[in-house]
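A short worksheet on the structure shown next.
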Amino acid sequence: MAKVKTKWVCQNCGYETVSYLGRCPDCSQFGTFVEETTQVVATDSSKLANQISNDSKVSLIKEIEFDEKIRFKTNIEELNRVLGGGFVQGSLSLLAGDPGIGKSTLVLQTTKSICDIKINNQNLKVLYVCAEESPLQVKLRAKRLGVEPDNLYLTNQTCINELINQIDVIKPNFLIVDSIQSVFCANVSSSTGSVSQIRECTNALMQIAKQKNITTIVIGHVTKEGNIAGPKVLEHMVDCVINFEGDKYKQYRILRCIKNRFGAISEVGVFKMEDDGLNEVSSPSQMLMEQHQGAFGSAVVATLEGSRIFLHEIQALVGSTNYANPRRVAVGIEYNRLLQILAVLEKKVGLNLSKQDVYVNVVGGIDIVEPSYDLALALAIISSIREIPIRPDTILIGEVGLLGEIRYVENIERRLKEAQKLGFKRAIVPKMNDKTSAKLLNVGLEIKQVSKLTDAIIQGLKQD
């Protein structure tokens, strides 16, 4: 007879306790505990595990044959870049993003090229589990995108136990689950989308991917804070975690890899959402610099995203306030980083910002995560206060320390070459050693090397 157990599970991080807690001791979130009941069967506690055939054996690593065609390359080069060359056979990937950002559109466009790949003179089979939609709705989107391959199968089965039976019948090479929050396991009594259900279903999909060598993509939801919904163990289970970022009311989307067991992390791909689906953007810097003209509070920086160089325009607006606590708003950069730069400007430059509202925005909707934008941010703020524009053909690169020094950043030469291609003629960079300085002479830009923030201000706001 089954024994019923009751527990309280945090829906944010998966922390379990025997009683209700108002605040989770693990993730410090309030009101996230939900009561869940599980049935434990003494004779057979893992029916789902037994349903998945297990033919694993012990092998020497030198005896394992390596196939050069282990990766599936798609016709979307931006996606291949993020994945490190394409999908690896038997891998489990997690694609997460805000509602309406284009996750389902991206994976549906991917199936077009996957179905054209041949192994042993047979095209690959793709099984698309549309757990949140009907097959008819997916058909309407596929027709709009021009995706109608002969070997693409659709099912709206939401029970993982029945889905395993369908996989055994169809024997697909590629599996897409949209989404993991809509799939449930019959052996778990908690509601669909709970932490226990997500953990159990993901574990079953991982076993299917590894044992049957089925390349699997799992689409996941995100919370209102922007984190991947479900337990943290979900990200540990999968081989690759990809975030789809951007404003759904704007055209541009960013595909960012934050975990990849088979390639480099932090790679990004840029897309543009149009009527016929997601189209690749081959030159993101040119796209971001289309409307840059140079004005009060505007500065340009070259950042490194994975192996690519992006040119961003940082805009700052500083104005007086009548309130006791001035506002600090940061869009596209870390809020605490903005506070740090403002503190350095007050202490080392002598600016009084206690009665000033400061608004900062990165044009294009792309977040900057590396600290090389510090110098551009500081000069954009000063340019807005003094109403002195920075020359539009000047690019600023450098990290600002707490002592007001300009610190070195990596790949200066590559950043400057990208700026030179887009028509920039002048660059303000950290002071470097003689060997590195000699290399910068061949870039084709007028280089101004500075060691202090005050020197950078003089050079940046200098008008020829």
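Since every read-out is calculated from the coordinates, none of them should be taken as a lab result. Predicted model, so just to flag it, every value in this text is computed and none were measured. Virtual Cβ from ideal backbone geometry, glycine too; neighbours counted across all protein chains shown.
Couple of notes before you dig in:
- Bridgeable lysines around LYS57 (alpha carbons under 18 Å apart, same-chain partners fewer than 8 residues away excluded): LYS210, LYS212.
- Each Cα pair under 8 Å and six or more residues apart adds its separation to the average, and for region 228-369 the resulting relative contact order is 19 percent.
- About the Cα centre, charge dipole magnitude for region 70-282 (Lys/Arg +1, Asp/Glu -1 at Cβ), debye: 340 debye
- Degrees between helix 135-145 axis and first principal axis of the chain (Cα, 0 to 90, nearest 10): 40 degrees
- A Cβ-based charge dipole, computed about the Cα centre of region 286-460 with Lys and Arg at +1 and Asp and Glu at -1, lands at about 340 debye.
- Given their separation in residues at 0.36 nm each and the Cα-Cα distance between them, ALA343 and THR155 gain 62.0 nm when the chain is fully extended.
- Stretchable slack from TYR20 to GLU410, in nm (0.36 nm times residue separation minus alpha-carbon distance): 135.5 nm
- Cα-based reach from LYS348 at 19 Å (exclusive), listing aspartates and glutamates while leaving out same-chain residues under 8 positions away: ASP374, GLU399, GLU405, ASP455
- 15 Å beta-carbon shell around ASN156, net charge (K/R +1, D/E -1): -2
- Cβ-derived FRET efficiency at R0 41 Å, TYR323 paired with LYS272, nearest 0.05: 0.55
- Other residues lying with their Cβ under 10 Å from the Cβ of SER182 contribute a combined charge of -3, Lys and Arg counting +1, Asp and Glu -1.
- This model, with +1 at the C-beta of Lys and Arg and -1 at the C-beta of Asp and Glu, gives the chain a dipole about its Cα centre of some 580 debye.
- Against the chain, whose longest principal axis comes from its Cα atoms, helix 103-114 is set at around 70 degrees.
- Positive-end extreme of charge dipole, region 286-460 - chosen from THR454, VAL400, VAL362 (charges on Cβ): THR454
- From the coordinates shown, Cα extents along the principal axes in Å corresponds to which of [x] 81, 57, 48; [y] 79, 69, 43; [z] 66, 52, 41: [x]
- Backbone N under 18 Å from the LYS7 label point (7 Å along Cα→Cβ), restricted to region 167-192: 185-192
- Partners for LYS224 among aspartates and glutamates (Cα-Cα distance below 19 Å; same-chain residues under 8 apart left out): ASP26, ASP98, GLU235, GLU245, ASP247, GLU334, ASP367
- Within region 201-251, trypsin sites (Lys or Arg not before Pro) in DSSP loop having at most 11 other beta-carbon neighbours inside 10 Å: LYS224, LYS250
- Summing Lys and Arg as +1 and Asp and Glu as -1 over all other residues whose Cβ lies under 15 Å from the Cβ of LEU402 gives a net charge of +1.
- Dipole orientation for the chain: of the candidates PRO231, ASN325, PHE72, ASN325 has the Cα lying most toward the positive pole (charges on Cβ; Lys, Arg +1; Asp, Glu -1).
- Ellipticity at 222 nm from helices only: DSSP H runs of n ≥ 4 in the chain, each -39500 (n - 2.57), divided by the residue count, give -7500 deg cm²/dmol.
- Global form of region 286-460, assessed from the alpha-carbon gyration tensor, a/c cut-off 1.5: prolate
- FRET E, pair LYS439, ASN123, Förster distance 30 Å, beta-carbon r, rounded to 0.05: 0.05
- Positive-end extreme of charge dipole, the chain - chosen from GLN181, GLN197, GLN89 (charges on Cβ): GLN89
- Take the Cα of VAL34, step 7 Å toward its Cβ, do the same at ASP367, and the gap between the two points is 2.4 nm.
- Whole-Å distance, taken between Cα centres, linking region 96-128 and region 239-303: 21 Å
- Projected area, mean over directions - region 70-282, Cα convex hull, nm²: 11.2 nm²
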